[in-house]
Amino acid sequence: SSVVLFGSSAMAQGIYSSGTVGTDVSWPNCNARLNTGASFGIVGVTDGLGYSTNPCLTSEASHFSNLGLYVNTGWNSSSSHVNSTSPRVCATGDNNCLAYNYGYDAGLYAYNAATTAGAHSTTWWLDVETNNTWSNDTVQNQNSLQGETDALRVSGVAMVGVYSTTAQWQSITNGWQNRLPNWGATTWTTAKQAAKYCTGHDFTGGGTWLIQFKGKLDQDYAC
């Protein structure tokens, strides 16, 4: 087996030993009985959309000694959260700049929300799904995701990865090869099935770390 560890931190956060199985939970699972015996847990910081907070983040995060976090992403040019001056000053009509700022500020929002909730991890995942708001312009979407990645890194997050599927990643980003580690979603129901997806489904070009499969709660096989 192999262990993935970034940095010199002694904290056992976001470390995935090959062949182990963890679980991921968020706001839909607030009343669920969590598997405290899982090798690792990944908890959603947001409440389904960017600029929101999972109401049970604190309680869910407390169940896992090996904790990762994930955040819902998107880009909505008509959002009240679009900021034309921070962190970049955008020229009028520069939607690539605005998208970057939107993602960056969403990353800061999520990091601060997690800190307030007492949920700390050196590993964060960007949840990239078509059911959130995106532009038809895939370069704008890339800018939003790059902004969010940069904000988390500036905040001290050692590893930022992407949760998605090949089809959704293609639709949203035009198959952008940003080289971030990927966590793939599937409809499989066993770890054995999920393990087969560790190769051949690297949508970011950064290598596949985890494959999700379905149980009573979402479970994740470490590649």
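List of remarks:
- Neighbour net charge for Asn54 - beta-carbon separation under 13 angstrom, K R +1, D E -1: -4
- Cα gyration tensor, segment 74-175 - rounded (a/c under 1.5), prolate or oblate: oblate
- The chain: most fluctuating residue of Asp24, Asp94, Asp47 per GNM, C-alpha cutoff 10 Å: Asp94
- Calculated FRET efficiency, Asn112 to Leu217, Cβ-Cβ distance, R0 = 25 Å: about 0.40 to the nearest 0.05.
- Gyration tensor (alpha-carbon) shape descriptor, segment 106-223, a/c threshold 1.5: oblate
- Relative to the 2.2 N^0.38 Å rule of thumb, the chain has a C-alpha radius of gyration ratio of 0.97.
- Entry note: segment 70-131 has Rg to Rh equal to 1.02, where both radii use alpha-carbon atoms and Rh is the Kirkwood radius.
- Our coupling estimate for segment 205-217, obtained by passing each phi through the Karplus curve with A = 6.51, B = -1.76, C = 1.60 and θ = phi - 60°, is x, x, x, 9, 9, 9, 10, 7, 9, 9, x, 4, 10 Hz, Gly and Pro reported as x.
- Amide H contacts under 5 Å for Gly161, placed H, 5+ residues apart: Trp124, Trp125, Leu126
- Given charges at beta-carbon only (K, R positive; D, E negative), |dipole| of the chain in Debye: 480
- Accessible surface, 1.4 Å probe, highest first, among residues Trp134, Trp27: Trp27, Trp134
- Per-residue ³J(HN,Hα) for segment 165-174, Karplus 6.51 cos²θ - 1.76 cosθ + 1.60, θ = phi - 60°, Hz, x for Gly and Pro: 10, 4, 5, 5, 4, 5, 5, 7, 10, 6
- Per residue solvent-accessible surface (Å²) - the chain, probe of 1.4 Å: 44
- Phi to ³J(HN,Hα) by Karplus 6.51 cos²θ - 1.76 cosθ + 1.60 over segment 97-109, Hz, x for Gly, Pro: 5, 4, 5, 4, 4, 4, x, 4, 5, 5, x, 5, 4
- Relative contact order (percent, whole number), the chain, Cα cutoff 8 Å, 6+ residue spacing: 19
- With K and R counted +1 and D and E -1, the other residues having a Cβ less than 12 Å from that of Asp150 yield a net charge of 0.
- Placing a label point 7 Å from the Cα of Ser155 along the Cα-to-Cβ direction, the residues of segment 99-122 whose backbone N falls under 16 Å from that point are 101-122.
- When DSSP beta bridges are restricted to pairs lying wholly in the chain, around 30% turn out antiparallel.
- Residues Ser18 and Thr58, FRET efficiency given R0 of 35 Å [Cβ-Cβ distance, rounded to 0.05]: 0.70
- Cα centroid of segment 195-220 to Cα centroid of segment 42-95, whole Å: 23
- Remark: the Val82-Thr166 segment gains 27.4 nm on full extension, using 0.36 nm per residue and subtracting the alpha carbon distance.
- With 0.36 nm allotted per residue and the present C-alpha distance subtracted, the Thr189-Asp137 stretch has 15.3 nm of extension available.
- Given charges at Cβ of Lys, Arg, Asp, Glu: the chain dipole, positive-most of His120, Asn143, Leu217: Leu217
- Note on Asp94 and Leu49: the model spin-label points, each 7 Å out from Cα along the C-beta direction, lie 2.8 nm apart.
- Val71 sits with roughly 0 Å² accessible to a 1.4 Å probe, with DNA, RNA and ligands left out of the calculation.
The values are calculated or read from the model by the stated rules, or taken from the named source; none is laboratory data. Note that the coordinates shown come from a computational prediction; the quantities given were computed from them, not determined experimentally. Note that we place each Cβ from the backbone using ideal geometry, even for glycine, and neighbour counts take in every protein chain shown. Only protein heavy atoms, including side chains, enter the accessible area calculation; ligands, DNA and RNA are left aside. Shrake-Rupley method; radii C 1.70, N 1.55, O 1.52, S 1.80 Å.
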